[in-house]
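Each value in this text was obtained by applying a stated rule to the coordinates, not by laboratory testing. Values in this document were obtained by computation on a predicted structure and should not be read as measured data. Glycine gets a Cβ as well: all are built from the backbone with ideal geometry, and neighbour counts include every protein chain shown.
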Amino acid sequence: MSYGAAPTGTAADSDWSWTGGKGAIALDLVLVRDTPVEHVIGAFALESAAEFIPHPQDGKPFEYAVHDERLGAVSVAWIRAGRAGDWVFAVSPSLTEILGAASLAPVIDAVRELSRGAASILNTWTPTIDAFRYFEDGVPVTCFEPLRSYDRRGSDPDRFAAAMRQAGLAVDPGETCARDRDPGRDVRIRALEMLTLALGIRVPAELACGPLPTIQHRGPVARTAPSADRPPPV
């Protein structure tokens, strides 16, 4: 099975707006370097077959529904994946639901395992807290909340400090972040632009919103309350 590919780049003007930014209620974005797309899908989904489904043209990014004879139209958990240069990306409204978990911990563990012999990234957005985590060979290198990006943890918390500052994120305590300097700037998007600057990762809208292998749960999934723990676990 072949997947679309996107060119990598180094500029911070890459289009991450397809994620919804601050307008998204919740979104999980996983990036894994030098691994097959199927390997990333398999880390979260039990089904072996993935159907190619295009992005719905309804103005609501990444919201799917299925019809249940008893319940009518209901939301279900889903995961989409593709390749952007050396990186595989996977996006889902809730990987916690995909795994049937009660917390984010199993998702963090899965992404950590995907970094064995490579590198992996987990961006999680929820109504209460967002978090960025970068792993190399099973080790959490740098982890932080974008709104509190000066408070970082990991084996090398300053790994992306230069790119963070260039993208408009606060690097040191007392330093104002992009949201404070310019309320119109989206801190969620700036954290993704940091990845473009630091690692050359670009996932353009035409790739992310085009036909991609997509797996949905076969039945409705109960919504789980997002964790409000602070700081984000590593």
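Descriptive notes on the structure:
- Extension gain for D158-E113 works out to 14.0 nm (0.36 nm per residue, less the C-alpha to C-alpha distance).
- With R₀ fixed at 30 Å, the C-beta to C-beta distance from D137 to E38 puts the FRET efficiency at about 0.90.
- One decimal place: the segment Y150-A205 gains 16.9 nm when fully extended, by the rule 0.36 nm per residue minus the C-alpha distance.
- Inter-label distance, T128 to S103: 1.2 nm, where each label sits 7 Å from its Cα along the C-beta direction.
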